[in-house]
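Input: a single structure, listed below in structure tokens.
The values are calculated or read from the model by the stated rules, or taken from the named source; none is laboratory data. All values reported here derive from a predicted model rather than from experimental measurement. With ideal geometry, Cβ positions are generated from the backbone for all residues, glycine too; neighbour counts draw on all protein chains shown.
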Amino acid sequence: MDGIHDMGGMDGFGPVTREADEPVFHADWERRMLAISLAVGFAVPFTDDHLRREIERIPPELYLHSSYYEKWLIAIESLLRERGVLPDGNATLKVETGPAIRPEAVAPAIHAGFPTRRDDAEAAPRFAAGAKVRVRNIHPKTHTRLPRYVRGHEGVVHRDLGVFGLPDSNSEYQGHRAQHCYTVRFSQQALWGRAVPVGDSLYVDLWEDYLEPA
Amino acid sequence: MSKDHGHDHDAEEKGLALRVKTLESLLVEKGLVDPAALDRFVEEYETRIGPKNGARVVARAWVDPAYKQRLLTNATAAIRELGFSGLQGENMVAVENTGSVHNVIVCTLCSCYPWPVLGLPPVWYKSAAYRSRVVKEPRAVLAEFGLKVPAATEVRVWDSSAEIRYMVVPRRPDGTDGLSEAALADLVTRDGMVGTAAV
């Protein structure tokens, strides 16, 4: 969706302010929130696409006002309500919950991660490295990983990253629609229409459904 | 910050702490999380997984050309050689700064960041200011960080909002020929591996 989270190229947020010697967490509740967010996924099935969908549905004024872990709290609460784990009578998704992850399983689980790359045989690539592509001018109402600032622009395929599920459909529980994802190179001059050094460029990773031949 | 503002902030923090505690209690009661496992997650990210991991990767690349080649060809496997892998780094790409190219990473749509090598992202990386500006005026943002990139050097911004997590391999500083790999690792900073510092 064309939401507040899609921030690339917006003006008005001022300078980037940094904190010297920033700690990993600023409060104990942030520690617990990070841990809950990572742990609960082992017992209640959801993916990063589902979590991001909830974060993007936070109303803009609240999104801008909220810290990172506050956004996670809002999103996890929403996910758990949707799945009937938190009580509010609005559960729309039936899920099978499993047991809590055990303490001794945590470090191995972190090291294993959740690999999302799929078998190359699941989809043939439509584009090869070096191909000229144009980003489709589409405005999905769903979760999407297509930033607004590249839509309609021409770029060149830099690298074929392999086959991945499409977040737009996965986040809506409409299947993975496995397809190639590509790193596409754009010229900074072309994107922003300004006199910047001619070689400066921007690389964005984009799913095949977001692209058409140029 | 005004006194009133500070007061509101304190009240908000208390409210958030209470909500998180309530959430944890409910999940524990339902058997969906184990408090001891939560402690382990925190411990991993507070003490073991952070930019020191990435610094070891960079230092190895500086001293071992064959390793550097593997890192630039298949970063996920090369990083795993040093024992780092997993959550938010399942598919890694390393991009190298040279005399003619400077790289910087961002995630404009949320805050994607290579956790196994850099740990959890700092607040500025997640901020609206960084996410909105570094794709549009990277040189101005880098200058605010104290990094003036010469006009002849190409700036490459990597918006890592899909499945790949990126890390920057900074240039090895001049005059470090005699240093051990461990001493070189001490020179490498988090910002250097995001691309907002030279090293």
Output yes when any residue across segment A:123-134 is buried (at least 17 other Cβ atoms within 10 Å of the Cβ) and at the interface with chain B (Cβ under 9 Å from one of its Cβ atoms), and no when none is.
no
Can you pull out every residue in segment A:160-187 that is more than 8 Å from chain B (Cβ to nearest Cβ) and closer than 26 Å to B:GLU154 by Cβ?
A:ASP160, A:TYR182, A:VAL184, A:ARG185, A:PHE186, A:SER187
Does segment A:135-158 contain any residue that is hydrophobic (A, V, I, L, M, F, W, C), exposed (fewer than 15 other Cβ atoms within 10 Å of the Cβ) and not assigned by the TED database to the domain that holds A:LEU206?
no
Checking the structure you have, find out if any residue of segment A:15-24 is in contact with a Phe, Trp or Tyr (Cβ under 6 Å, 6 or more places away or on another chain) and facing another protein chain (nearest Cβ under 9 Å).
yes
Can you find a residue that is basic (Lys, Arg) and within 11 Å of another protein chain (Cβ to nearest Cβ) anywhere in segment B:72-89?
yes
Out of the residues in segment A:1-14 meeting the condition of being facing chain B (nearest Cβ under 8 Å) and of a type in the set (D, E, K, R), tell me which one is surrounded by the most Cβ atoms within 10 Å (Cβ to Cβ).
A:ASP6
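Is it true that some residue in segment B:65-82 is without any contact (Cβ under 8 Å) to a residue 24 or more places away in the chain, among the acidic types (Asp, Glu) and more than 25 Å from A:HIS65 (Cβ to Cβ)?
Within segment B:65-82, the subset without any contact (Cβ under 8 Å) to a residue 24 or more places away in the chain is B:65-67, B:69-70, B:73-74, B:76-78, B:80-81.
Pick out the ones that are also among the acidic types (Asp, Glu) and you get B:81.
Now narrow it down to the ones that are more than 25 Å from A:HIS65 (Cβ to Cβ): B:81.
Yes, segment B:65-82 contains at least one residue that is without any contact (Cβ under 8 Å) to a residue 24 or more places away in the chain, among the acidic types (Asp, Glu) and more than 25 Å from A:HIS65 (Cβ to Cβ).
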Quick check on segment A:37-59: of everything there that is part of a loop (DSSP other than H, G, I, E, B) and within 23 Å of A:GLY98 (Cα to Cα), which residue is nearest to the other protein chains (Cβ to nearest Cβ)?
A:ALA43
Just checking: which of the strands (runs of 3 or more DSSP E) contained wholly in segment A:97-214 hold 3 or more residues that are under 30 Å from B:ALA152 (Cβ atoms)?
A:132-135, A:154-164, A:179-187, A:201-207
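Is it true that A:LEU34 is in contact with a Phe, Trp or Tyr (Cβ under 6 Å, 6 or more places away or on another chain), at the interface with chain B (Cβ under 7 Å from one of its Cβ atoms) and either among the acidic types (Asp, Glu) or crowded, with 18+ Cβ neighbours inside 10 Å (or both)? Before you say what the answer is, go through the steps one by one.
Numbers: in contact with a Phe, Trp or Tyr (Cβ under 6 Å, 6 or more places away or on another chain): no; at the interface with chain B (Cβ under 7 Å from one of its Cβ atoms): yes; either among the acidic types (Asp, Glu) or crowded, with 18+ Cβ neighbours inside 10 Å (or both): yes.
Criteria not met by A:LEU34.
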Within segment B:81-106, considering residues that are under 18 Å from B:ARG56 (Cα atoms) and out of contact with any Gly (no Cβ under 9 Å at 6 or more places or on another chain), the one surrounded by the most Cβ atoms within 10 Å (Cβ to Cβ):
B:ALA94
Going through (1) more than 21 Å from B:LEU16 (Cα to Cα); (2) more than 8 Å from chain B (Cβ to nearest Cβ) one by one, A:VAL106 fails only at (2)
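Looking at segment A:188-205, which of the residues that are out of contact with any Leu (no Cβ under 8 Å at 6 or more places or on another chain) and crowded, with 17+ Cβ neighbours inside 10 Å is farthest from the other protein chains (Cβ to nearest Cβ)? Break it down into steps so the answer makes sense when it comes.
As a first pass, look at segment A:188-205 and keep what is out of contact with any Leu (no Cβ under 8 Å at 6 or more places or on another chain): A:189-190, A:192-201, A:203-204.
Keeping just the survivors that are crowded, with 17+ Cβ neighbours inside 10 Å gives A:192, A:196, A:200-201, A:203-204.
Working: A:TRP192: 6, A:VAL196: 8, A:ASP200: 5, A:SER201: 5, A:TYR203: 5, A:VAL204: 5 Å.
That would be A:VAL196.
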For segment B:59-79, how many residues are within 24 Å of A:ASP160 (Cα to Cα) and not small (Gly, Ala, Ser)?
10
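For A:ILE74, indicate whether it is at negative phi, at the interface with chain B (Cβ under 7 Å from one of its Cβ atoms), of a type in the set (A, V, I, L, M) and assigned to a helix (DSSP H, G or I). Step through it out loud before you land on a result.
Working: at negative phi: yes; at the interface with chain B (Cβ under 7 Å from one of its Cβ atoms): no; of a type in the set (A, V, I, L, M): yes; assigned to a helix (DSSP H, G or I): yes.
Spelling it out, it is not the case that A:ILE74 is at negative phi, at the interface with chain B (Cβ under 7 Å from one of its Cβ atoms), of a type in the set (A, V, I, L, M) and assigned to a helix (DSSP H, G or I).
Name the residue that is surrounded by the fewest Cβ atoms within 10 Å (Cβ to Cβ), counting only residues in segment B:107-134 that are of a type in the set (A, V, I, L, M) and under 10 Å from the mean Cα position of the chain (by Cα). Give the steps one after another, and end with the answer.
As a first pass, look at segment B:107-134 and keep what is of a type in the set (A, V, I, L, M): B:109, B:117-118, B:120, B:123, B:128-129, B:134.
Okay, now just the ones that are also under 10 Å from the mean Cα position of the chain (by Cα), so B:117-118, B:120.
On the way: B:VAL117: 29, B:LEU118: 26, B:LEU120: 19.
Looking at the filtered set, the residue picked out is B:LEU120.
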